[in-house]
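Have a look at the structure below, then the notes.
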Amino acid sequence: MRKPVSTIYRALLMTVLFIAGILAQRVGLITYITDPYEYPVILDLLLRHLYLVAVSMSYATVIGLAAGILFTRKRFRRYAGICMYILGLGQTIPSLAILALSMSFLGIGTKPAIFALTIYSILPIARNTLAGIFAVPASMIDAGRGMGMTSLGILLEIEIPNSMKIILTGFRVALIINIGTAALSYLIGAGGLGDLIFTGISLMQTEKLLAGAIPITLMALLADLLCELLGLILVSKGLRLSRGEKAV
């Protein structure tokens with residue numbers, strides 16, 4: 001049964017790619033991205049976009065994990081709701097407003113863009129870290145204590161491994177949001193693929209618009225795939241099977 005479905009899927013994929021290639025040629029996208037004067041600019045904007053995403057996600061991951069872990073500890077649990085509310089304000093405020101606010105005290109360029117993207121990406125990671133650790137059965141933690149494990153040992157060997165799937169889900173959501181929102185960084189002088197998108201809209205140049213939009217779409221799809229693969233590495237096979245996944 002799998003083979004016919006796989007064959008149909010590949011045929012549909014090849015058909016979509018073929019049609020997309022024809023449309024790209026018709027609107028002048030192929031000519032634009034292969035222009036020796038244009039593709040270095042496109043590559044530079046792509047690298048700038050990746051830089052913004054990588055740096056802001058690094059900060060957001062560290063802060064989100066730290067906040068999620070901190071507020072699952074006994075002495076800080078009472079403040080978990082307030083903390084999540086404060087972090088949630090970052091996503092309640094529209095992304096353009098965050099960029100404008102960060103620009104008002106950090107100026108224009110890369111710094112305010114990274115700051116705004118970090119603020120916008122913290123909540124999913126922190127919230128899922130908090131929820132994942134709280135979802136670990138108390139019996140497992142009690143068993144760890146009974147074996148003489150320290151609080152740090154329980155965190156690193158029981159709580160985090162058993163909540164990793166939920167944490168990765170938050171990371172995936174934050175990463176995909178970050179990739180899309182980073183396009184707005186162009187508005188405050190940080191560059192990125194948003195440069196091509198907004199310039200293409202302003203000048204009504206479809207090829208320039210697509211040269212910015214398509215790589216962002218592919219980046220989001222690739223990020224989703226990489227997060228799936230990361231889950232296969234970080235989440236133990238036993239936990240994956242316990243959630244109904246089939247053995248490979």
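Condition check ((1) touching a helix residue (DSSP H, G or I) at 6+ places or on another chain (Cβ under 6 Å); (2) closer than 22 Å to Lys165 by Cα) across all residues:
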residue: Ala54; (1), (2): no, yes
residue: Met57; (1), (2): yes, yes
residue: Ala60; (1), (2): yes, yes
residue: Ile63; (1), (2): yes, yes
residue: Gly68; (1), (2): yes, yes
residue: Phe76; (1), (2): yes, no
residue: Ile93; (1), (2): no, no
residue: Ala113; (1), (2): yes, no
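Here the condition is being modelled with pLDDT of 85 or more and not polar (S, T, N, Q); of Leu156, Leu193, it holds for Leu193 alone.
In the condition set (1) in contact with a helix residue (DSSP H, G or I) (Cβ under 9 Å, 6 or more places away or on another chain); (2) assigned to a loop (DSSP other than H, G, I, E, B); (3) modelled with pLDDT under 80, Thr72 is compliant with all but (3). Look at (1) assigned to a helix (DSSP H, G or I); (2) surrounded by 12 or more Cβ atoms within 10 Å (Cβ to Cβ); (3) modelled with pLDDT under 80; (4) not β-branched (Val, Ile, Thr) and you find that Pro4 fails only one, number (2).
Hey, could you check region 40-74 for residues that are surrounded by 14 or more Cβ atoms within 10 Å (Cβ to Cβ) and of a type in the set (Ser, Thr, Tyr) and say which is farthest from Val136 (Cα to Cα)? Looking at the filtered set, the residue picked out is Tyr51.
The rows are residues; the columns are (1) under 19 Å from Ala183 (Cα atoms); (2) at pLDDT below 85; (3) surrounded by 14 or more Cβ atoms within 10 Å (Cβ to Cβ).
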residue	(1), (2), (3)
Ile82	no, yes, no
Leu87	no, yes, yes
Gly90	yes, yes, yes
Leu101	yes, yes, yes
Gly107	yes, yes, no
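Hey, does region 202-225 have a residue that's among the hydrophobic types (A, V, I, L, M, F, W, C), surrounded by fewer than 18 Cβ atoms within 10 Å (Cβ to Cβ) and more than 18 Å from the chain's Cα centre (by Cα)? Within region 202-225 (the criterion being among the hydrophobic types (A, V, I, L, M, F, W, C), surrounded by fewer than 18 Cβ atoms within 10 Å (Cβ to Cβ) and more than 18 Å from the chain's Cα centre (by Cα)), the answer is yes, since at least one residue qualifies.
Pairs linking a residue in region 67-84 that is under 13 Å from Leu123 (Cα atoms) to a residue that is in a helix (DSSP H, G or I) and among the β-branched types (Val, Ile, Thr), with Cβ atoms under 6 Å and 6 or more positions apart or on different chains, are Gly68/Thr129.
The values are calculated or read from the model by the stated rules, or taken from the named source; none is laboratory data. Remember, it's a predicted structure, so these values are computed and weren't measured experimentally. Neighbour counts run over all protein chains shown; Cβ positions are idealised from the backbone, glycine included.
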